[in-house]
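Below is one structure; the comments refer to it alone.
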Amino acid sequence: MIIMGVAALFGLIGVLLFGAGLGRVFKLRFASGFARTLGGGFLMLLAAVSGLIGVNLGTYSRLTYEQVVATLSFTQEGPQTYLATLELPDGEITQYPVAGDEWRLEARVLDFHPRLNVAGVDDRFKLDRLSGRYRDVADETGDKPRSAHQLGAAGLDLWKEVNDRFPDQSFVQADQYGSGVYLPMADGAAFEIKLAQSGGLKARGLNDAGAAIARDWR
């Protein structure tokens, strides 16, 4: 990643400058020594911040066009109780117990400033949560079991800090919105979930059971 490369470059220059400054201080060249030491320390701090931003960005995937982000299939294990199988495009498969009548998949989108898009920096996304929901609000607010599962690493939320502190000057618009899609669950139903370049999730049935749900649900 470019950000990690910049962080490494700043770190290397900072260390060299810091070391050179200390050498001058030991030779009693205090003015130039302190200047180089402070400059090196600043560059090392900048490298650390850039590295943290790069780590956070690494928890997201590129969003360059409408793309499949997951497939979901369900096996009913009891009344309003299902086992969801989530498969990601890289082949990773994970199973989650989901309670309710419907499933909901949510994603978090990083929306970069258009000037960065023009420079080749793509918007990014990550799947955030899989949960169950009840069709009847009384069930949702009552004592029925609830289920919600965090998907992937939470990451470092530096983007929120940047936007909170510099709302007008920031090049990055992140955590400004999330995207979600939900449909009923049924035994044997399978769905394909896509994320559009606009950041919206949508689902379609992958088999007869899933297609019937997506077609007939009201």
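The values are calculated or read from the model by the stated rules, or taken from the named source; none is laboratory data. Note that the structure is a prediction, hence the values are computed from the model and not measured. A quick note on method: Cβ atoms are made from the backbone with ideal geometry, for glycine too, and the neighbour counts reach across all protein chains shown.
Descriptive notes on the structure:
- Given (1) surrounded by 19 or more Cβ atoms within 10 Å (Cβ to Cβ); (2) in a helix (DSSP H, G or I); (3) at pLDDT 75 or above, index of the condition I53 fails: (3)
Every residue, every condition in (1) over 21 Å from W217 (Cα atoms); (2) in contact with a Leu (Cβ under 6 Å, 6 or more places away or on another chain); (3) part of a loop (DSSP other than H, G, I, E, B), yes or no:
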| position | (1), (2), (3) |
| --- | --- |
| V69 | yes, yes, no |
| Q76 | no, no, no |
| P89 | yes, no, yes |
| V98 | no, no, no |
| E106 | no, no, no |
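- When residues of segment 165-203 are limited to those that are outside any strand (DSSP E or B) and modelled with pLDDT of 90 or more, the one surrounded by the fewest Cβ atoms within 10 Å (Cβ to Cβ): D187
- Condition met for L86 (out of contact with any Gly (no Cβ under 7 Å at 6 or more places or on another chain), modelled with pLDDT of 90 or more, crowded, with 16+ Cβ neighbours inside 10 Å and closer than 24 Å to A203 by Cβ): yes
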